Every structure is written in C-alpha cells, then in structure tokens.
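The values are calculated or read from the model by the stated rules, or taken from the named source; none is laboratory data. For clarity, every value in this text was computed on a predicted model and none was experimentally measured. Note that each Cβ is placed from the backbone with ideal geometry, even for glycine, and that neighbours are counted across all protein chains shown. What goes into the accessible areas is simple: the full protein's heavy atoms, side chains included, and nothing from ligands, DNA or RNA. Shrake-Rupley method; radii C 1.70, N 1.55, O 1.52, S 1.80 Å.
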Amino acid sequence: MSAKETIQAGKAILGIEFGSTRIKAVLIDEENNPIAQGSHEWENQLVDGLWTYSTEAIWYGLEDCYADLRKNVRAQYDCEIEILASIGISAMMHGYMAFGPNGVASKGAPVGEEEKILVPFRTWRNTNTGAAAAKLSELFNYNIPLRWSISHLYQCILDNEEHVKDITYLTTLAGYIHWRLTGKKCLGIGDASGMIPVDPETKNYNAEMVKKFNDLVADKGYPWKLENILPECIVAGHPAGFLTEHGAKRLDISGHLKPGCPLCPPEGDAGTGMVATNAVKQRTGNVSAGTSSFSMIVLEKDLSMPSEMIDMVTTPDGSLVAMVHCNNCTSDINAWVKLFKEYQELLGVPVDMNEVYGKLYNNALKGDADCGGVLAYNYISGEPVTGLQEGRPLVVRSPNDKFNLANFIRSNLYATVTVLKLGNDILFKEEKVKVDRITGHGGLFKTKGVGQRILAAALNSPISVMETAGEGGAWGIALLAGYVVNNKENLNLADYLEKVVFGGNTGEEIAPTPEEVEGFNKYIEVYKAGLAIEQAAVNNKK
C-alpha cells in the first residue's frame, strides 16, 4: 500500500511520546516506516519549588500535537485519519501523579469532572526526595533513585502531606494519559519498574519490597495498600485496552478519529529508546541524549551489589537493565548555541540553526582532547549522580588554560556525557559487564559524527547511530503498538525488532582513538576535582 492507502484503510499505527520539551507523534505504516509526524513544544514550570506540568498543559499538548499530525497528513496525502490499527503512549519516566475521589484535591490543584489529581504532577526532575530514597534503599537493599514514584510517595508521607490518605491510584505521566484514553489503569513493565522495582521472574512488582513498604507505613493507618494503588504491570506484545469514544474525542478534537483500536502498554522514554535503537537483547545497550541523558545496558545477570549511580529497571519485555540516568545533558549547550545565534543576528548574518550547530560542533573536534583545561558544568537542575541537589551552570578555567572556541564548545560537549561516564565506569570497570553494541539516539547526535565521537571517547567503546535514531521514542512506542497487532509469527520482542523492523541494520559505527580516550580521562579527573566549585556555587547563590 501507499502511505495514503494505508491511512485510508485504517492500517496506520500511531505513537505519541511526551518528552521534556516536545510532544511528538509519529504515524507508521505496516512496514514500520514513518509516514507522518506532528509535534508540540512545551516546558516544565517551577512551582512552589517543584518542577511540574499542569494537567491543562498535558491535554492541550496532546490535542495540539495530534492536530499538527492531522494537518500534516491532510497536506501530504489529502485524506483524514479516521481509523488507526493501534496506538502507543509514552512519556518521560518516574515522577508522581496521585489521584483520589472526585472533589478531593489539595489547594491549588486542578479539580474537575475528570481531573482527580490530588497535587500537581511532580516530574523526574525534582530532587526533594533524598530522605525517602535513602531510607527505601536501605530497607530494600536496592538502589531507589530520587525520581522514582515510590520515593516521591514516601517523601510525601515523611512530610505529612494531607493528600496521601486520599490516594486511590498512583501512576506515571504515560500511565495517566493511557488511562484517560482507555479507562484502563496499567503500565508497561519498563515504566512500572521506575515506580518500584519489578521481579524479572514474575514480571510484576517485587512482592517482598511491596510488603516491606506496607509494613513501613502501617502505623499511618492509610486506607490503602501499595499493591492496590499501583497500575497493572503488562509486558510488551499484550493489548492494554482500547480507545474509548471519550478518549478518541480527547485525542482528536476535530471528531474524525473513531474509537475501538487497541493500545499497547504505555511505556517510559527509556523503554522506547531501547526499542528505537534495537537494544532490548542482552549484551546490547543504548544512550539517549537530549534534555536529560541515560544509558541502558541489558544485563546477562544481576550486579554484584547496589550502586547509587545505577538504577535497575527492565526492557519493555521484562529483561533486567542497568540504567545510568543524568538530569542534565543538552540544555546548557543549547543555551550557548542560542547565544552565538544572537551574535550572528547582531551582525546581520542570516541564521540557520542547523548550520550554527554544525559549524560549532564540528569545529569542536579541532580542540584539544582534554579541552585545553577548560571545564564546563551543565547543571541546569540538580544532579543526583554527583550529589548535587541544585544546579548552577558554570564554565571554569585557569588563566593559563587554552581558551579558544574549539575547546570551549568541546568542553560543553564533554559535559553532556561526563556524568554518564561516571556511572558506566562502574558497570564496565568494576562489574565487568560485557556489551556487544551501544547505539546512540537523541538531539546530541543530530550533527552527524560529533556527539557520537564524544560519547565513544567517554565510554571507550564504539558507538553506533542509525538513520532512524532521529525519530526517537515516538517511533519506538509506535513500534511497540505495531508489535501488538503485527507480530504474525509470535516472535519475542528482541527477535521481532531484529527480523521484522531492523532487518540486521546496526547503523554506522564510530570507534574512539586512544588519544581521544586519554584526553577524556584526563578531563574527567579535573572535572571530579572541580565538583567542589559547583557545590560552592549552589551553597552561595540563592
């Protein structure tokens, strides 16, 4: 079928992902090729000291993103989207969305017929959960990160927040949207593993940890048990509800989209990144580098001991994954590039942002392998991996350092993956984890070959990038939606991706030179010593 025929026949599949700065929709055909896209730009807000997106912004963003997709379909193919074969919803993982009965809401939270949220959505970016995460990590003998839903819940309990007693449902952003579209309270196992640890054997929440948590808070007398307020945990490939009439109207406010199509389990952006890079098989890995960054290495066995720098999650089909998550990646270097754009505009020079990025990034490769001593700390927000609860973007240099444009941009590029390296050094050097292939995707890799080479030097490993990597997580969740309806041979997810989607394509690989690895290692030692400067800036700038 042509793309138009696919859409008109109701064979197209829709994937939507809520990223930190953009909501993106990708429509794919039966061969898994993207045939149309839509997007909506948005930003989190710092409200009462916590990072959030309002429910109004969530729904307006979804509606506007789909409207943009619909507009593009009409422009490209002169047809309407009436029926879809399946849909997938994905979003940034973790965080805290707590719901209760109608009309029960804390002051300032949106209340309405459908919106039962008790407090404003608290995103992964918040670092106010240190006491809770430390206590739970000790209780479970398992690293529980600050951003996980269980950390947020327990911190609310420690802070005696009034709304906790009213909770009837706790979910993530992807789970919330999926629930409103289908009426089904569930999560894909990958996203669920960022709420509270899951058991790779049972493919469900870790029963022992759930019991320990219930025992921990028993004296509070809450009317709920943890297992009763968590979403159902579903493995990739299984249907997870159907688009309701109400859901169809929420998604497509024009009224053309008909209800009834199945949805795959809602997943987090980590899981969709693994799918989009064909990295769900053991001994494969991927690095997603955008507003935040994270690496996902699919393990052959569990680690020898817990580490604060490494989160244990799962693939969308339930395999154990070591995740190193960094709150900060490209936001600060994007701000610097915009500064150069302003300079060009002052000179009256026409500005093409792709050209600005390309010129600056490629010129950075001419800089010294250790950046000539120039240091960059890209901490827009706190960075749990390095123990910073707040962020202060800094560029640090000594009078005798080699300060030039190439070293300046190169240092800022290094900063995007430096914290990632700290966590992965534990995996590769201490735990002796073996990886056959690491694939990169996300904004850092848009300028061909540059971010890829920087990451290769940081991890001392060849890095592959696929042409499809730019499609990102929206394509990944569309593939998972397709896996529900198009897996004719009943393949497991790894084989389905390998045989049906990628056909053996592993992308274009770049290996680091010894000089690049040595330079990055020298940079990181100075970087670690300079973290005291970053901490001092946090302590002294309010």
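So, of the residues in the stretch 406-441 that are among the β-branched types (Val, Ile, Thr) and open to solvent by less than 10 Å² (accessible area, probe 1.4 Å), which turns out to be nearest to Gln282 (Cα to Cα)?
Applying the filter and picking the extreme gives Ile438.
Residue under question is Leu303, and the condition is that it be in a helix (DSSP H, G or I) and of a type in the set (A, V, I, L, M, F, W, C); does it hold?
So Leu303 fails the test.
Can you name every one of the helices (runs of 4 or more DSSP H) wholly within the stretch 457-542 that holds 3 or more residues which are more than 25 Å from Tyr377 (Cα to Cα) and touching a Ser or Thr at 6+ places or on another chain (Cβ under 9 Å)?
472-486
Output the number of the condition that Leu50 fails; it satisfies all remaining conditions of (1) open to solvent by 40 Å² or more (accessible area, probe 1.4 Å); (2) touching a residue at least 24 places away in the same chain (Cβ under 8 Å).
(1)
Which of the residues that make up the stretch 170-185 are more than 12 Å from Pro262 (Cα to Cα) and of a type in the set (D, E, K, R)?
Those that are more than 12 Å from Pro262 (Cα to Cα) and of a type in the set (D, E, K, R): Arg180, Lys185.
Go over the candidates Val275, Val287 one by one and state the one that is over 19 Å from Val500 (Cβ atoms), at pLDDT 90 or above and in contact with a helix residue (DSSP H, G or I) (Cβ under 9 Å, 6 or more places away or on another chain).
Val287
Could you tell me whether any residue of the stretch 376-385 is over 25 Å from Ser193 (Cβ atoms), of a type in the set (A, V, I, L, M) and crowded, with 22+ Cβ neighbours inside 10 Å?
The answer is yes, given that some residue of the stretch 376-385 is over 25 Å from Ser193 (Cβ atoms), of a type in the set (A, V, I, L, M) and crowded, with 22+ Cβ neighbours inside 10 Å.
I'm told Leu444 meets every condition in (1) open to solvent by less than 10 Å² (accessible area, probe 1.4 Å); (2) farther than 23 Å from Val356 by Cα except one. Can you identify the failing condition by its number?
Just one mismatch for Leu444, condition (2).
Checking Pro316 against (1) touching a strand residue (DSSP E or B) at 6+ places or on another chain (Cβ under 7 Å); (2) part of a loop (DSSP other than H, G, I, E, B); (3) surrounded by fewer than 22 Cβ atoms within 10 Å (Cβ to Cβ): exactly one of these is not met. Which one?
(3)
Which of the residues belonging to the stretch 319-342 are open to solvent by less than 10 Å² (accessible area, probe 1.4 Å) and within 10 Å of Val298 (Cα to Cα)?
Val321, Ala322, Met323
So for the stretch 374-382 (the condition being within 23 Å of Pro514 (Cβ to Cβ) and modelled with pLDDT of 95 or more), does at least one residue qualify?
yes
State all residues of the stretch 14-24 that are over 18 Å from Arg250 (Cα atoms) and either open to solvent by less than 10 Å² (accessible area, probe 1.4 Å) or without any contact (Cβ under 8 Å) to a residue 60 or more places away in the chain (or both); if no residue qualifies, say none.
The answer is Arg22, and nothing else.
Is there a residue in the stretch 515-522 that is basic (Lys, Arg) and at pLDDT 95 or above?
yes
Can you tell me which of Tyr357, Tyr343 is free of Cβ contacts under 8 Å to residues at least 24 places away in the same chain, of a type in the set (Ser, Thr, Tyr) and not in a loop (DSSP other than H, G, I, E, B)?
Unique residue meeting the criteria: Tyr343.
Go through the stretch 423-480 residue by residue and tally those that are among the aromatic types (Phe, Trp, Tyr) and either free of Cβ contacts under 8 Å to residues at least 40 places away in the same chain or more than 12 Å from Glu508 (Cβ to Cβ) (or both).
Residues that pass the stated criteria total 2.
Regarding the stretch 179-187, can at least one residue be identified that is in a strand (DSSP E or B), at pLDDT 95 or above and surrounded by fewer than 24 Cβ atoms within 10 Å (Cβ to Cβ)?
Within the stretch 179-187, one or more residues are in a strand (DSSP E or B), at pLDDT 95 or above and surrounded by fewer than 24 Cβ atoms within 10 Å (Cβ to Cβ).
So, in the stretch 38-54, of the ones that are modelled with pLDDT under 95 and acidic (Asp, Glu), which residue ends up farthest from Asn126 (Cα to Cα)?
Of everything passing the filter in the stretch 38-54, Glu43 is farthest from Asn126 (Cα to Cα).
Of the conditions (1) farther than 28 Å from Leu360 by Cα; (2) at pLDDT below 95; (3) under 21 Å from the mean Cα position of the chain (by Cα); (4) not small (Gly, Ala, Ser), Leu444 fails just one. Which one is it?
Against the list (1) farther than 28 Å from Leu360 by Cα; (2) at pLDDT below 95; (3) under 21 Å from the mean Cα position of the chain (by Cα); (4) not small (Gly, Ala, Ser), Leu444 comes up short only on (1).
Which residues, counting only those in the stretch 67-104, are in a strand (DSSP E or B) and not small (Gly, Ala, Ser)?
Of everything in the stretch 67-104, those that are in a strand (DSSP E or B) and not small (Gly, Ala, Ser) turn out to be Ile87, Ile89, Tyr96, Met97, Phe99.
Does Ile35 qualify as being in contact (Cβ under 8 Å) with a residue 12 or more places away in the chain, farther than 30 Å from Thr127 by Cβ and open to solvent by less than 10 Å² (accessible area, probe 1.4 Å)?
Spelling it out, it is not the case that Ile35 is in contact (Cβ under 8 Å) with a residue 12 or more places away in the chain, farther than 30 Å from Thr127 by Cβ and open to solvent by less than 10 Å² (accessible area, probe 1.4 Å).
Of Met309, Met305, which residue is free of Cβ contacts under 8 Å to residues at least 12 places away in the same chain, on the phi < 0 side of the Ramachandran plot and either surrounded by 20 or more Cβ atoms within 10 Å (Cβ to Cβ) or among the aliphatic types (A, V, I, L, M) (or both)?
Met305
Within 22 Å of the chain's Cα centre (by Cα), assigned to a strand (DSSP E or B) and free of Cβ contacts under 8 Å to residues at least 12 places away in the same chain, is that true of Leu27?
So Leu27 does not fit the description; no.
When the residues of the stretch 469-492 are narrowed to those that are crowded, with 24+ Cβ neighbours inside 10 Å and in contact with a Pro (Cβ under 7 Å, 6 or more places away or on another chain), which ends up farthest from Glu17 (Cα to Cα)?
Here the residue is Leu480.
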